[in-house]
1. Read phi for every residue in the stretch 191-200 and hand back ³J(HN,Hα) as whole Hz from Karplus 6.51 cos²θ - 1.76 cosθ + 1.60, θ = phi - 60°, with x for Gly and Pro.
2. Describe numerically, in nm with one decimal, the distance between label points set 7 Å from Cα along Cα→Cβ at residue 378 and at residue 47.
3. In sequence order, what are the phi-derived ³J(HN,Hα) couplings for the stretch 231-247 according to the Karplus relation 6.51 cos²θ - 1.76 cosθ + 1.60 with θ = phi - 60°, rounded to whole Hz, with x for glycine and proline?
4. For the pair residue 338/residue 82, report the inter-label distance in nm, with labels modelled 7 Å from Cα in the Cβ direction.
5. Tell me the accessible surface of residue 150 in square angstrom (1.4 angstrom probe, heavy atoms of protein chains only), to the nearest ten.
6. Quote the charge dipole size of the stretch 174-262 about the Cα centre in Debye, to the nearest 20; the model charges only the Cβ of Lys and Arg (+1) and of Asp and Glu (-1).
7. Under the rule a/c < 1.5 gives rounded, and otherwise a/b versus b/c splits prolate from oblate, where does the stretch 96-186 land using the Cα gyration tensor?
8. Hey, if we sort 129, 36, 310 by accessible area with the 1.4 Å probe, largest down, what's the order?
Amino acid sequence: MGCSSCSTDKDGQPRGCKNNGTCGTDGCNKLTVFDWLSNMSPPNGERQFDCVEVRFKNSRKEFFRNSENLSLSIGDVVATQAQSGHDIGIVTLVGELVKVQMKRKKVDYKDDVLPKVYRKASQSDIDKWQKCRNREEEIKKRAREIAIILKLKMKISDVEFQGDGSKATFYYTAEERVDFRQLIKDMAKAFGIRIEMRQIGYRQEAQRLGGIGSCGRELCCSTWLTDFRSVSTSAARYQQLSLNPQKLAGQCGKLKCCLNYELDMYLDALKDFPSSDTRLHTEKGMAFCQKTDIFKGTLWFSYKEDPANWHALSKDQVKEILEKNKRKEKVASLEEYAIENTVEEKVVFENVVGQDSLTRFDRPKGRNNRNKNKNKKRRNNRKRRPKNA
């Protein structure tokens, strides 16, 4: 993800916009909507839809009514109505597509209570807004110190200033209910602004903060994922993953959202497979299923008396044995149906660079070197002896 704000600093290090997919230049926004109706004018006699979509910090989007008939376009910085004062945001969508988005998010565009767009932000508004944004990290650190002094079991993860600087919203996570009345009094006295506390979940916290996942890429929730679907351990069982909490949990401490990505494909593939608790009756004994390979279409079975030895069977062979068992017929043994283990040929890797070895200049460690070292020590000892000895 990159944008014009993600340029390099004076010393050549990447500066980064630090907005976690919510830049103001639309270069690395989170799911920026492409306005494919921008070049089309409305029909004769039709007015443009009077609502716009405005984005604030960390992908928070709200809808506002353009009651002043301002000529707005995507990327304009506007001053919008707030509960008290005004807020500063960036226009992300205009026109008929806003109506589609409002229907999708179940917002009534005919509602008269819908907040309004006051004006396009002036340079003084933008300067004041940027000044407040620069104070957020310092205030967040100070708020955490106050919460620690009050011994509150909560974590303040993010701070969002209102555009006019009169109000700040503190986002926090907590496992239990927290009485933060004294915290609000102390922060309002220390910062001189109105305080609003808003509790969020651990997934929402990871979405706002961002980070790098175990796959080496940016977190899905902070880049493109917009909704959080429930993830259960059955998703890992269907994909035959080890139920290790350290590997299945993401940075939020919950199960990774990517466990649901390929789950539907696995469920479709498992429809043709016998159940994992399938039992095969043979003359040699009863066999249990130990492992299933969906991609190769193979199942491994072992006898009850000998669970260490596994026999690989294809799913068609397992179905054939099950049909015989339904007719109360037993096969002789699993060895008759077991797939032969083929030994793969060893691949010899060639050096495309043309070099023999990275350690070709190193001295070989052998007996000759040891003998040379012994001879050097003897010579040095002889030189150090006095002549009269």
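The values are calculated or read from the model by the stated rules, or taken from the named source; none is laboratory data. All figures in this text were calculated on a predicted structure; none of them were measured in a lab. Please note: Cβ atoms are built from the backbone with ideal geometry, for glycine as well, and neighbour counts cover all protein chains shown. For the accessible areas, the whole protein counts, side chains as well, though only heavy atoms, and no ligand, DNA or RNA atoms are used. Shrake-Rupley method; radii C 1.70, N 1.55, O 1.52, S 1.80 Å.
1. Karplus values, whole Hz, x for Gly and Pro: 9, x, 9, 7, 10, 10, 9, 9, 8, 10.
2. 10.8 nm
3. 10, 10, 5, 5, 5, 6, 5, 4, 8, 6, 9, 5, 7, 9, x, 5, 8
4. 7.3 nm
5. Roughly 60 Å² of residue 150 is accessible to a 1.4 Å probe.
6. Magnitude of the dipole: close to 80 debye.
7. On the way: a/c = 2.95, a/b = 1.56, b/c = 1.89.
Verdict is oblate for the stretch 96-186.
8. Values: 129 30, 36 155, 310 115 Å².
Order by accessible area, largest first: 36, 310, 129.
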